[in-house]
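A.B. asks: Structure below; questions to follow.
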Amino acid sequence: MRNLAVLSVISILLVLLGTRADDEPLQGFSPHSLSAERQWEEKFRTLPSADNQRDYMRRLSAHPHHVGSPYDQDNAKWILSKFKDWGWDAQIETFEVLFPSPKERLLEMIEPTHFAAKLQEPAVALDPTSSQQAEQLPPYNAYSVDGDVTGPLVFVNYGLPKDYEELDRLGVSVKGAIVIARYGNSWRGIKPKVAAEHGAIGCLIYSDPADDGYAADNVFPRGPMRPSDGVQRGSVMDFPSSYPGDPLTPGVGATREAKRLALKDAPSLTKIPVLPISYGDAQPLLTEITGPVAPKDWRGSLPITYHVGPGATKVHLKVSFHWDMKTIYDVIATLPGAEQPDQWVIRGNHHDAWVNGAEDPTSGQVALLEEARALGELVKQGWRPKRTIIYCAWDGEEPMLLGSTEWAEAHDKDLQLHAVAYINSDGNGRGYLTMAGSHSLEHFMNGVIRDIHDPETNLMVWQRLRFHEIAEAKNGEDRKDIRERPDLRMGALGSGSDYTAYIDHLGIASLNLAYGGEDDSGIYHSAYDDFYWYTHFSDTDFVYGRALSQTAGTAVMRLADADLLPFEFTDFADTIRLYLKQLKKLADDEREEAIERNKEIDEGLFAAINDPHRSKIAPPREDVPPHLNFAPLDNASDALGLSAQRYQAAVEKVWGLSLSQLTLQALNQKLMESERRLTAQEGLLRRPWYKHMIYAPGVYTGYAAMTVPGVREAIEQKHWDEANSEIVRVSAVLDKETAVINSVIQDINSK
Ligand SMILES: [Zn+2]
């Protein structure tokens, strides 16, 4: 009794500490292979070095290394030589892609006064690489069309659809105008897209100091935030409504001989010219705008009164580009699997940057390189991964996922047959782990981070993250969910990094990992994202770089070595239940809002509360949405939940059955393909490149995930018949998923 009590105290302590005993079961490993795996993993986690990561970063970020630059190719060759030194079978795979770079950039105010925008980021004396202007791409937005436009200027806040609803009520139209939008709250390419849909002829995007400038902290070089001339470069390719990757070769690898669209037919270019500017350049323009004062939550931190316009302010915007083909260099390195060489575990991070890119992407790339060195070292010591491991240093991520997408499209058939999972990172920082991905790997990732030490607290990463999530939770219900749920929830993948083609197009279970959250940063996609900035204001001693290596590397090893692939479906089923609840609430909210709004119009509320000095137009009447038929999804979700539980029960007894290698291999094949069942060959409506029916980037959010996208976007866009038919399509893929789980259960139970 006493001993039992002591034991249970010990196990409670172990749970609290988040650590595990050596013989504690490890998801996917038989009792026979368990301790060897634990020992190899322990060995692995001692190997990644923070100092090496610092050295690699100094080397990789020493010069600007955007697509088409000499140092981009030089870095690829250097990365290749490292992989080879570490015993990997490595090569460079090239693609030919459309990559526009600026020919002409002009922005001037011509009324009521004259002002010419600077459009340059000056060198900073303390920061040695900021003076490499001859090698830098100047600030611009890639895949903006050429244009020469003159018009009144209108301030549109973040430039999202709801901002235009507010403009309608203020009686302000952007037809024939050039809009100026703030960076933030959506992916940048949404801003010109929505502006063009409302009739604007040009789009400026500026970084307001409220969002990543002096309102948050000191500006660079005194602090980490954006200085007044700092500009966020970036792609504005309309990939959410078409496809990412090379605009001229949708669905196929951009090899030299690939069939290409004509430039005029490429659907992913913007409709109007776009240019990003600093708040130094934006302030004189915004100061002159007249018209209604901007609504309270539109106002940023510039020392001016924000007006919406239009007024007497007229601007002239001219941009043109060299529409060149460039070669991109993906470095692909392989460790062959000893037992299942045809099952591939893939890990990637890009190597190209907008400028010197120390944080984005080099901080992630150096962690990946230390994993590769450490795995190579284990092989020298006798470790043989069961499955093949493929490490990828992608080129061309910044223009819009070019290297990862083209490689995925070029090898689509093989990847669909052989890929177990894809693990991505895209930069790193100091703080908490952010993990997002396929929910059939949620339980698996929770297991991984119970074995990783947080460098600052020496708690386990899982435990620190859990406390962080409790502290950040919005209400008691969320706190209760975190405290009571055995696993921490994982976010869903939207887009914005190299996992996109793997999860959204090919249906490969994917993960995206990064540490961060303790440091603010205002140098994103600017010339000041460099070695000086990173080693003064981010993970300065690279201990979180080491933690990222340990986290991603442990996940890779576990997936590569597991006897039974560690997919698990109760967390996935629970997540689907949650999404279903959200969809029902969304539909109810839309209905109630329409009813309430129409009632207010009928009552005469808007006329009664109108301030004649600041007159606002009443919103239009809305059709009241019908009730949707969620029954097919309810049924599919229930069936999935039941199967997930039965699978868990079957797996618990699996090691007592002494399954043959052949049987295990057959089970793994089915598990590996389970994520593929969540895709539909015909894809999402109006964007067939996107095949996953549960995760996609939002057409009007960009990077942010749109879960159950067919249904959710139909509700948001008030396409009620479409919402009902999409419910049926999503139910069908969930039924396919349930069927594959059931077939695995049957295989196990029949032994
Ligand atoms: Zn990046």
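A.B. asks: Find the helices (runs of 4 or more DSSP H) located wholly in region 618-720 whose residues include 3 or more that are under 21 Å from PHE29 (Cα atoms), and list them.
C.D. replies: Correct list: 631-652, 661-672.
A.B. asks: Additional query: Which ones in region 332-355 are within 16 Å of the ligand (Cβ to nearest atom) and in contact with a helix residue (DSSP H, G or I) (Cβ under 7 Å, 6 or more places away or on another chain)?
C.D. replies: ARG347, GLY348, ASN349, HIS350, HIS351, ASP352, ALA353, TRP354
A.B. asks: Here's a follow-up. Could you list, in sequence order, all residues of region 218-230 that are in contact with a helix residue (DSSP H, G or I) (Cβ under 9 Å, 6 or more places away or on another chain) and in a loop (DSSP other than H, G, I, E, B)?
C.D. replies: If the condition is that a residue be in contact with a helix residue (DSSP H, G or I) (Cβ under 9 Å, 6 or more places away or on another chain) and in a loop (DSSP other than H, G, I, E, B), then PHE220, PRO221, GLY223, PRO224, ARG226, PRO227, SER228, ASP229, GLY230 are the ones that fit.
A.B. asks: So, one more: Of all residues in region 356-405, count the ones that are under 18 Å from SER495 (Cα atoms), within 13 Å of the ligand (Cβ to nearest atom) and among the hydroxyl-bearing types (Ser, Thr, Tyr).
C.D. replies: Total satisfying the criteria: 1.
A.B. asks: Of the residues that sit in region 315-331 and are of a type in the set (D, E, K, R) and away from the ligand (no atom under 16 Å from the Cβ), which one is surrounded by the most Cβ atoms within 10 Å (Cβ to Cβ)?
C.D. replies: LYS326
A.B. asks: What is the number of the single condition among (1) open to solvent by 40 Å² or more (accessible area, probe 1.4 Å); (2) assigned to a strand (DSSP E or B) that GLU166 does not meet?
C.D. replies: It fails just one condition, (2).
Rundown of residues vs (1) out of contact with any helix residue (DSSP H, G or I) (no Cβ under 8 Å at 6 or more places or on another chain); (2) of a type in the set (Val, Ile, Thr); (3) crowded, with 21+ Cβ neighbours inside 10 Å; (4) over 30 Å from LEU659 (Cβ atoms), yes/no style:
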{"position": "VAL543", "(1), (2), (3), (4)": "no, yes, no, yes"}
{"position": "ALA547", "(1), (2), (3), (4)": "no, no, yes, yes"}
{"position": "ALA552", "(1), (2), (3), (4)": "no, no, yes, no"}
{"position": "ARG577", "(1), (2), (3), (4)": "no, no, no, yes"}
{"position": "ILE595", "(1), (2), (3), (4)": "yes, yes, no, yes"}
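A.B. asks: Assuming GLY176 fulfils every condition listed in (1) on the phi > 0 side of the Ramachandran plot; (2) open to solvent by less than 30 Å² (accessible area, probe 1.4 Å) apart from one, which condition is it?
C.D. replies: Only one criterion is unmet by GLY176, namely (2).
A.B. asks: Hey, another quick one. Which ones in region 12-58 are open to solvent by 60 Å² or more (accessible area, probe 1.4 Å) and either at pLDDT below 50 or within 30 Å of SER130 (Cβ to Cβ) (or both)?
C.D. replies: Scanning region 12-58 gives ILE12, LEU13, VAL15, LEU16, LEU17, ASP51, ARG54, ASP55, ARG58.
A.B. asks: Oh, and also: Kindly list, by first and then second residue, each pair from a residue in region 253-271 that is more than 19 Å from THR327 (Cα to Cα) and free of Cβ contacts under 8 Å to residues at least 12 places away in the same chain to a residue that is of a type in the set (A, V, I, L, M, F, W, C) and buried (at least 19 other Cβ atoms within 10 Å of the Cβ), limited to pairs with Cβ atoms under 9 Å and residues at least 6 apart or on different chains.
C.D. replies: ASP265/LEU248
A.B. asks: If a residue must be closer than 14 Å to LEU160 by Cα and crowded, with 24+ Cβ neighbours inside 10 Å, how many such residues does region 694-719 contain?
C.D. replies: Qualifying residue count, region 694-719: 0.
A.B. asks: Being at pLDDT 95 or above, within 16 Å of the ligand (Cβ to nearest atom) and in contact with a strand residue (DSSP E or B) (Cβ under 8 Å, 6 or more places away or on another chain), is that true of even one residue in region 474-490?
C.D. replies: Looking for residues that are at pLDDT 95 or above, within 16 Å of the ligand (Cβ to nearest atom) and in contact with a strand residue (DSSP E or B) (Cβ under 8 Å, 6 or more places away or on another chain), one finds none in region 474-490, hence no.
A.B. asks: Next up: Identify the residue in region 361-390 that is outside any helix (DSSP H, G or I), under 14 Å from PHE44 (Cβ atoms) and not hydrophobic (A, V, I, L, M, F, W, C) and, among all such residues, is least open to solvent (accessible area, probe 1.4 Å).
C.D. replies: Selected residue: PRO385.
A.B. asks: Looking at the structure I just gave you, is TYR502 crowded, with 16+ Cβ neighbours inside 10 Å, outside any strand (DSSP E or B), in contact with a Gly (Cβ under 8 Å, 6 or more places away or on another chain) and aromatic (Phe, Trp, Tyr)?
C.D. replies: no
A.B. asks: Quick one: in region 202-218, of everything that is open to solvent by less than 10 Å² (accessible area, probe 1.4 Å) and in contact with a Pro (Cβ under 6 Å, 6 or more places away or on another chain), which residue is farthest from VAL156 (Cα to Cα)?
C.D. replies: Only one residue fits best here, namely GLY202.
A.B. asks: Can you go through GLU652, GLU673 and tell me which one is acidic (Asp, Glu), surrounded by 13 or more Cβ atoms within 10 Å (Cβ to Cβ) and modelled with pLDDT under 95?
C.D. replies: Step by step, each of GLU652, GLU673 is checked, and only GLU673 is acidic (Asp, Glu), surrounded by 13 or more Cβ atoms within 10 Å (Cβ to Cβ) and modelled with pLDDT under 95.
A.B. asks: In addition: Let me confirm something: among ALA312, ALA262, ALA258, which residue is surrounded by fewer than 19 Cβ atoms within 10 Å (Cβ to Cβ) and at pLDDT below 95?
C.D. replies: Matching residue, one of ALA312, ALA262, ALA258: ALA312.
A.B. asks: Can you find a residue in region 738-751 that is surrounded by fewer than 16 Cβ atoms within 10 Å (Cβ to Cβ) and either in a loop (DSSP other than H, G, I, E, B) or touching a strand residue (DSSP E or B) at 6+ places or on another chain (Cβ under 8 Å) (or both)?
C.D. replies: yes
A.B. asks: Out of LEU465, LEU433, which single residue is away from the ligand (no atom under 16 Å from the Cβ), touching a helix residue (DSSP H, G or I) at 6+ places or on another chain (Cβ under 8 Å), over 22 Å from GLY698 (Cα atoms) and assigned to a strand (DSSP E or B)?
C.D. replies: Of LEU465, LEU433, the one residue that is away from the ligand (no atom under 16 Å from the Cβ), touching a helix residue (DSSP H, G or I) at 6+ places or on another chain (Cβ under 8 Å), over 22 Å from GLY698 (Cα atoms) and assigned to a strand (DSSP E or B) is LEU433.
A.B. asks: Assess whether ARG558 counts as being surrounded by fewer than 18 Cβ atoms within 10 Å (Cβ to Cβ), at pLDDT 95 or above and charged (D, E, K, R).
C.D. replies: Against the criterion (surrounded by fewer than 18 Cβ atoms within 10 Å (Cβ to Cβ), at pLDDT 95 or above and charged (D, E, K, R)), ARG558 does not qualify.
A.B. asks: Next up: If you take the residues of region 448-459 that are open to solvent by 10 Å² or more (accessible area, probe 1.4 Å) and touching a residue at least 40 places away in the same chain (Cβ under 8 Å), which of them is farthest from ARG387 (Cα to Cα)?
C.D. replies: Selected residue: GLU456.
A.B. asks: Hey, does region 406-428 have a residue that's within 16 Å of the ligand (Cβ to nearest atom) and surrounded by fewer than 24 Cβ atoms within 10 Å (Cβ to Cβ)?
C.D. replies: The answer is yes; a qualifying residue exists.
A.B. asks: Hey, SER101 hits all of (1) farther than 24 Å from GLU406 by Cα; (2) among the small types (Gly, Ala, Ser); (3) part of a strand (DSSP E or B); (4) touching a Phe, Trp or Tyr at 6+ places or on another chain (Cβ under 9 Å) but one; which does it fall short on?
C.D. replies: So SER101 meets the others, but not (1).
A.B. asks: Residue check, VAL231 against (1) without any contact (Cβ under 8 Å) to a residue 12 or more places away in the chain; (2) buried (at least 19 other Cβ atoms within 10 Å of the Cβ), all met but one. Which one?
C.D. replies: (1) is the only condition that VAL231 fails.
A.B. asks: On the basis of being among the small types (Gly, Ala, Ser) and without any contact (Cβ under 8 Å) to a residue 24 or more places away in the chain, does ALA471 make the cut?
C.D. replies: So ALA471 fits the description; yes.
A.B. asks: Under 7 Å between Cβ atoms, which residue pairs at least 6 apart in sequence (or on different chains) link something in region 72-91 that is over 11 Å from TYR329 (Cβ atoms) with a partner that is basic (Lys, Arg) and outside any helix (DSSP H, G or I)?
C.D. replies: none
The values are calculated or read from the model by the stated rules, or taken from the named source; none is laboratory data. For clarity, every value in this text was computed on a predicted model and none was experimentally measured. Here the Cβ is made from the backbone with ideal geometry for all residues, glycine too, and neighbour counts use every protein chain on show. Each accessible area value is taken on the protein alone, full model and side chains, heavy atoms only, with ligands, DNA and RNA left out. Shrake-Rupley method; radii C 1.70, N 1.55, O 1.52, S 1.80 Å.
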